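Undergrad: Below: one structure in structure tokens.
The values are calculated or read from the model by the stated rules, or taken from the named source; none is laboratory data. Computed from a predicted structure; not experimentally measured. Cβ placement follows ideal geometry from the backbone for every residue including glycine, while neighbour counts extend to all protein chains displayed. Keep in mind that these areas ignore ligands, DNA and RNA; they rest on the heavy atoms of the full protein, side chains included. Shrake-Rupley method; radii C 1.70, N 1.55, O 1.52, S 1.80 Å.
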Amino acid sequence: MESKDYLKDISEIKDLMNKSSRFISLSGLSGILAGVYALIGAAVAYWLVSNSGREYLILDGTIFRLVMLDLFLIAFFSAVTGIFLTTKKAKKHGAKIWDATSKRLVINFLIPLVVGGIYILIILNQQKYGQTGALMLIFYGLALINASKYSIGDIRYLGFIQLILGLICAVLPGYGFWLWVLGFGVMHIVYGTWMHYKYDKK
Amino acid sequence: MSLINNINKVFDHRIRLGIMSILMVNEYADFNMLKELLDVTDGNLASHVKALETAEYIEVEKQFIGRKPNTRYSTTKLGRAEFNKHIEALEKLINNK
């Protein structure tokens, strides 16, 4: 055998290791759109709260419920867009959408996210609202870092950024809204654009 | 030369190397997963799996999922050590050229 064959062996090994353990058909475009939804949702929330006659958000029935609905819609549309575009991309690459790698990715992404979501709902019920923004950023960051082992490794960095923003938010809860906009809106768009040009435009 | 000695004869085949690569990064894999990833026929894959099993580089675990028999493969400690040695030897050979 010549060294060319060995090189081919090594690259085939790497390729198989990646293909068998990571789900890499994530779409960058869905990141951009998730960011856009977050910005629109944030603008709606801002409008709702500033038109409520108060400068800050309290749990007074309608407004709060509308903001919660707003958050839910952002998450819902982001998830639907993500699934749709990722399925499309996987089909284009001839990859399976629901196999061992994507299952592992979804499960590991959801563990911190669901725990965080439940925790946030619990403390909201205990009338503690100050840390909500920080907690959302922190748990989302942890979910991304946990998921990065089973997908494109770059997701890890987005996770770290969300964690840092979350911790800043914990110290400065007054800026919670703007840090949330930065983390879920702006960072998703920046990141999705980067991923789109790095992986999709080939 | 010691470099050549580390090139493992058992791994000197694309499919066996492929099986090991997949099992190195996964806790386990079943027959169908290996078949799909490596794009080989049942008989071909079975013979290579057998070779790795005989060398005690992989472990075979037979079980049932519902009523369907399912065979899971995973690496042994020996298999992982040998695979790492093999990769190191390959890399050295490439770098020495």
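Undergrad: Top to bottom by accessible area (1.4 Å), largest first, where do A:HIS196, B:HIS13, B:HIS86 land?
TA: Sorted by accessible area, descending: B:HIS13, A:HIS196, B:HIS86.
Undergrad: Going toward the positive end of the dipole of the protein assembly as shown, with +1 on Lys and Arg Cβ and -1 on Asp and Glu Cβ, which of B:ILE65, A:LEU110, A:LEU135 do you reach last?
TA: B:ILE65
Undergrad: While we're looking at this one, here's another question. Could you work out how much longer the chain between B:LYS85 and B:ASP42 gets when fully extended? Use 0.36 nm per residue separation minus the Cα distance between them, nm to one decimal.
TA: Extra length from B:LYS85 to B:ASP42 when fully extended: 12.6 nm.
Undergrad: If packing is taken as the average number of other Cβ atoms within 10 Å across a peptide's residues, how do B:74-84, A:30-40 rank, most packed first?
TA: Output ranking for B:74-84, A:30-40: A:30-40, B:74-84.
Undergrad: Which value, in Å², gives the accessible area per residue of the protein assembly as shown when a 1.4 Å probe is used on the protein heavy atoms?
TA: The answer is 59 Å² per residue.
Undergrad: Give me the dipole magnitude in Debye, nearest 20, for chain A about the Cα centre, with unit charges on the beta carbon: positive for Lys and Arg, negative for Asp and Glu.
TA: Charge dipole, chain A, about its Cα centre: 500 debye, nearest 20.
Undergrad: If you count, for each residue, the other Cβ atoms within 10 Å and average over each peptide, how do B:42-48, A:138-144 line up from highest to lowest?
TA: A:138-144, B:42-48
Undergrad: Something else: So which residues of the stretch B:58-97 lose at least 50 Å² of accessible area, probe 1.4 Å, when you go from the chain by itself to every protein chain present?
TA: Residues shielded by partner chains are B:LEU90, B:ILE94.
Undergrad: Sticking with this structure for a sec: Given the DSSP H assignment, sum -39500 (n - 2.57) over each helix run of at least 4 residues in the protein assembly as shown and divide by its residue total; what's the result at 222 nm in deg cm²/dmol, nearest 500?
TA: It comes out at -23000 deg cm²/dmol, rounded to the nearest 500.
Undergrad: Something else: What residue among A:GLY174, A:GLY116, A:GLY183 shows peak mean-square fluctuation when chain A is described by a Gaussian network model with Cα springs under 10 Å?
TA: The residue that fluctuates most here is A:GLY174.
Undergrad: Same structure again: Can you tell me the 0 to 90 degree angle between the C-alpha axis of helix A:28-50 and the longest principal axis of chain A, rounded to 10?
TA: Long axis of A:28-50 versus the principal axis of chain A: about 0 degrees.
Undergrad: Now for a separate question. So which of A:LYS198/B:LYS68; A:LYS201/B:LYS77; A:LYS8/A:LYS103; A:LYS89/A:LYS128; A:LYS103/B:LYS77 end up more than 32 Å apart, counting from Cα to Cα?
TA: A:LYS198/B:LYS68; A:LYS201/B:LYS77; A:LYS89/A:LYS128
Undergrad: Under a point spin-label approximation (7 Å from Cα along Cα-to-Cβ), what is the A:TRP194-B:ARG67 distance to one decimal in nm?
TA: Taking the simple label geometry, A:TRP194 and B:ARG67 are separated by 5.3 nm.
Undergrad: If contacts are Cα pairs under 8 angstrom and at least 6 residues apart, what is the relative contact order of chain A in percent?
TA: RCO, chain A: 31 percent.
Undergrad: Cα axis of helix A:3-21 to longest principal axis of chain A: angle in degrees, 0 to 90, nearest 10?
TA: Once rounded, the angle reads 30 degrees.
Undergrad: Here's a follow-up. Among A:GLY41, A:SER11, A:PRO173, which residue has its Cα furthest toward the positive end of the charge dipole of the protein assembly as shown, with +1 on Lys/Arg Cβ and -1 on Asp/Glu Cβ?
TA: Projecting each Cα onto the dipole axis, the largest value belongs to A:SER11.
Undergrad: Given a 10 angstrom Cα cut-off, can you work out which residue in A:ASN108, A:ASN51, A:ASN18 is the most mobile in a GNM of chain A?
TA: Sorting by GNM fluctuation, first place goes to A:ASN51.
Undergrad: Next question, about the same structure. Mind grabbing the accessible area of A:THR87 for me, 1.4 Å probe, Å², rounded to tens?
TA: 40 Å²
Undergrad: Helix A:100-125 against the longest principal axis of chain A: what's the angle in degrees, Cα atoms only, rounded to the nearest 10?
TA: 10 degrees
Undergrad: To continue, here is another question. Can you give the accessible area buried between chains B and A, summed over both chains, with a 1.4 Å probe, in Å² to the nearest 100?
TA: Counting protein atoms only, the buried area is about 1700 Å².
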